[in-house]
Amino acid sequence: MFKGWLIDKTTDSVTTDLVDIDENSLPEGDVLVDVAYSTLNYKDALALTQSGPVVRQFPMVPGIDLVGTVRESSRDDLTVGTQVILNGWGIGEKHWGGLAQKARVSGDWLVPLPDGIDMQQAMAIGTAGYTAMLCVMKLEQLGVTPDKGEILVTGAAGGVGSVAIAVLAKLGYQVVALSGRAHEADYLKSLGATEIMPREQMTEAGKPLDKARWAGVVDVVGSQVLANACATTQYGGVVTACGLAGGMDLPATVAPFILRGVTLAGIDSVMCPKATRLEAWQRLSQDLDLTKLESITQTIYLAEVKEKAEALLAGRVRGRIVVSIKN
Ligand code: NDP
């Protein structure tokens with residue numbers, strides 16, 4: 001038996017409890033992992049509080065991230081004792097996830113823990129930080145170099161936003177942080193933001209094209225904020241869109257794309273190919289200042305997860321949450 005969160009559905013309700021689970025009920029997979037840490041991402045918070053349709057089958061162990069040690073493996077490329085990371089691939093949604101002491105998964109989904117990052121740091125980064133890195137890599141691929149101008153990071157005090165600011169600042173970009181939390185200005189500056197922009201400046205409907213400012217954007221908010229970000233991006237600039245914290249809609253016009261050659265680049269971490277994941281984790285081990293990562297992160301125990309999920313969705317959590325699985 002092992003401890004884990006289990007979301008289950010009866011005929012008239014959905015339950016979410018920390019329970020003892022029989023190892024024989026773990027799903028199929030060629031690798032069994034002793035989970036050391038997981039995290040709490042926005043998507044996990046939606047699943048744990050039944051606030052969004054994240055869980056696709058029941059019963060489900062939530063948790064879209066995990067790090068741990070291979071306990072059993074039927075693969076030549078993954079030996080017992082290897083420390084591995086798993087982000088996405090549907091865990092916590094359609095395959096049992098990381099908020100439990102054990103996980104049985106496909107070895108194809110696992111990435112070796114990179115040198116220079118320990119297991120707790122890997123989950124401080126988690127899907128949020130790895131997605132932030134995917135956004136930065138996309139800006140680079142599309143030619144947004146630090147000399148091109150300012151980068152806007154929205155949802156700045158959240159998980160993706162905090163890591164994006166720290167990485168961009170270390171790479172020499174000038175970063176403007178859009179945040180609804182004025183009291184986090186010192187925190188955002190300590191990560192490397194040069195200016196804090198109040199969220200209200202971008203939540204009202206704006207013009208199809210407005211004063212061109214951003215060379216690049218990392219957007220986690222979607223909706224009107226994303227529309228306004230596109231409308232204020234420079235000629236040839238790039239807007240990376242990875243989130244929907246402000247809404248799933250996009251009340252925009254095509255003007256920025258056809259008149260300024262702006263690129264709107266979608267970022268998905270869940271089904272991202274393995275080669276890109278390996279590159280992102282390698283880059284994180286070089287381009288993220290681990291002392292900043294410490295200031296971004298708080299660690300909680302497995303039993304505290306549900307309460308923290310509610311706080312996260314209410315916008316009361318700053319940065320990243322690591323979940324210690326062992327005790
Ligand atoms: P967090 O909850 O940690 O951060 C989200 C931030 O968005 C908040 O901290 C807040 O920042 C801002 N925000 C919250 N509500 C609103 C609102 N109504 N309007 C405007 N801004 C708001 O979440 P994460 O950083 O983990 O994830 C952010 C988004 O990215 C989520 O939608 C998540 O699902 C998505 N995501 C997508 C991935 C992908 O593969 N595409 C992977 C990872 C995340 P502040 O207080 O500073 O304004």
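Do you know which of the residues in segment 142-152 that are out of contact with any Leu (no Cβ under 7 Å at 6 or more places or on another chain) and not in a loop (DSSP other than H, G, I, E, B) is nearest to the ligand (Cβ to nearest atom)?
First, the residues of segment 142-152 that are out of contact with any Leu (no Cβ under 7 Å at 6 or more places or on another chain): 142-145, 147-150.
Subset that is not in a loop (DSSP other than H, G, I, E, B): 147-148.
Values: Asp147: 27, Lys148: 24 Å.
Out of the qualifying residues, it is Lys148.
Scanning segment 18-42 for residues that are in contact with an Asp or Glu (Cβ under 8 Å, 6 or more places away or on another chain) and closer than 19 Å to Gly319 by Cβ yields Ser38, Thr39, Asn41. For Trp109, the criteria (1) touching a residue at least 60 places away in the same chain (Cβ under 8 Å); (2) open to solvent by 30 Å² or more (accessible area, probe 1.4 Å); (3) within 18 Å of the chain's Cα centre (by Cα) hold in every case but one, which is (1).
Taking only segment 15-29 into account, find how many residues are in contact (Cβ under 8 Å) with a residue 40 or more places away in the chain and of a type outside the set (Asp, Glu).
Step one: list which residues in segment 15-29 are in contact (Cβ under 8 Å) with a residue 40 or more places away in the chain, which gives 16, 18, 21, 23, 26-29.
This time we only want the ones that are of a type outside the set (Asp, Glu), so: 16, 18, 21, 26-27, 29.
Number of matching residues: 6.
Per the conditions (1) of a type in the set (Val, Ile, Thr); (2) in a loop (DSSP other than H, G, I, E, B); (3) open to solvent by less than 40 Å² (accessible area, probe 1.4 Å), the sole criterion not satisfied by Thr79 is (3).
Checked against (1) surrounded by fewer than 21 Cβ atoms within 10 Å (Cβ to Cβ); (2) within 30 Å of Lys274 (Cβ to Cβ); (3) in contact with a strand residue (DSSP E or B) (Cβ under 9 Å, 6 or more places away or on another chain), Glu150 passes all but condition (2). Among the residues of segment 153-181, which ones are at negative phi, more than 12 Å from the ligand (Cβ to nearest atom) and open to solvent by 10 Å² or more (accessible area, probe 1.4 Å)? Those that are at negative phi, more than 12 Å from the ligand (Cβ to nearest atom) and open to solvent by 10 Å² or more (accessible area, probe 1.4 Å): Ala169, Lys170, Leu171, Tyr173, Gln174.
Conditions (1) crowded, with 24+ Cβ neighbours inside 10 Å; (2) touching a residue at least 12 places away in the same chain (Cβ under 8 Å); (3) in a strand (DSSP E or B); (4) within 16 Å of the ligand (Cβ to nearest atom), marked per residue:
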residue	(1), (2), (3), (4)
Met197	no, yes, yes, yes
Gln201	no, yes, no, yes
Lys207	no, yes, no, no
Lys211	no, yes, no, no
Ala229	yes, yes, no, yes
Gly236	no, yes, yes, no
Gly246	no, yes, no, yes
Phe257	no, yes, no, no
Gly261	no, yes, no, no
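The values are calculated or read from the model by the stated rules, or taken from the named source; none is laboratory data. Predicted, not measured: the structure shown is a model, and the values here were computed from it. Neighbour counts run over all protein chains shown; Cβ positions are idealised from the backbone, glycine included. These area figures cover heavy atoms from the full protein model, side chains too; ligands, DNA and RNA do not enter into them. Shrake-Rupley method; radii C 1.70, N 1.55, O 1.52, S 1.80 Å.
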